[in-house]
Amino acid sequence: IVRFRLRLLFWLIYVFILLLTAGSFAGLYRMGAGSVADRVTVEVDGKLIATYDLPKGDKQEEVRIDAGNGRYNLLRLTSSGAFVKEANCPDQICVKWGKITKPGQTIVCLPHKVVISMIGNREEEPPLDDIAS
């Protein structure tokens with residue numbers, strides 16, 4: 001009887017951990033739901049360098065991010081998101097990361113100390129003005 005109760009207790013713990021893990025993944029998947037990604041911020045060495053609006057329609061823009069000492073990242077902006085097209089860092093993780101499309105997502109290039117973040121507004125909210133941001 002003791003062995004049965006222990007086995008039942010372990011199964012309950014396993015189910016609890018499974019539900020907790022599934023809930024965490026569901027929360028991460030829903031992150032940014034109801035928000036519209038419309039801007040990208042670029043920070044170099046912890047300082048905000050620029051904020052770019054995503055282009056409308058089929059237009060694309062390319063922005064060269066100069067990290068100093070000949071280091072650079074080439075950022076491509078599309079209406080659906082942003083990605084690093086090219087960089088002269090040794091590991092190329094920022095290039096391999098792919099496109100960010102939801103508010104809260106980021107691309108980081110550690111060798112160049114570049115952080116690219118997607119930001120946006122809730123669909124029913126008007127955009128923030130310069131004073132509030």
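The values are calculated or read from the model by the stated rules, or taken from the named source; none is laboratory data. The shown structure was predicted, so the numbers you read here are calculated from the model rather than taken from an experiment. Counting neighbours? That spans all protein chains shown, and the Cβs are built from the backbone with ideal geometry, glycine included. Side chains included, ligands, DNA and RNA excluded: accessible areas come from the protein's heavy atoms. Shrake-Rupley method; radii C 1.70, N 1.55, O 1.52, S 1.80 Å.
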Cβ-Cβ under 9 Å pairs, at least 6 apart or on other chains, the stretch 56-69 side of a type in the set (S, T, N, Q), far side part of a loop (DSSP other than H, G, I, E, B) and open to solvent by less than 100 Å² (accessible area, probe 1.4 Å): Gln60/Ser79
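Could you list, in sequence order, the residues of the stretch 1-33 that are closer than 30 Å to Gly120 by Cβ and modelled with pLDDT of 90 or more? Walk me through it before giving the result.
Within the stretch 1-33, the first condition is being closer than 30 Å to Gly120 by Cβ, and the residues that meet it are 20-33.
Scanning the stretch 1-33 gives Leu20, Thr21, Ala22, Gly23, Ser24.
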The listed residue being surrounded by fewer than 12 Cβ atoms within 10 Å (Cβ to Cβ) and closer than 21 Å to Lys96 by Cα, out of Arg64, Arg71, Arg76: Arg64
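Checking the conditions here, which among Pro111, Pro55, Pro126 is over 19 Å from the mean Cα position of the chain (by Cα) and either modelled with pLDDT under 95 or not in a strand (DSSP E or B) (or both)? Can you show your working first?
Working: Pro111 fails: over 19 Å from the mean Cα position of the chain (by Cα); Pro55 fails: over 19 Å from the mean Cα position of the chain (by Cα).
Within the list Pro111, Pro55, Pro126, the selection yields Pro126.
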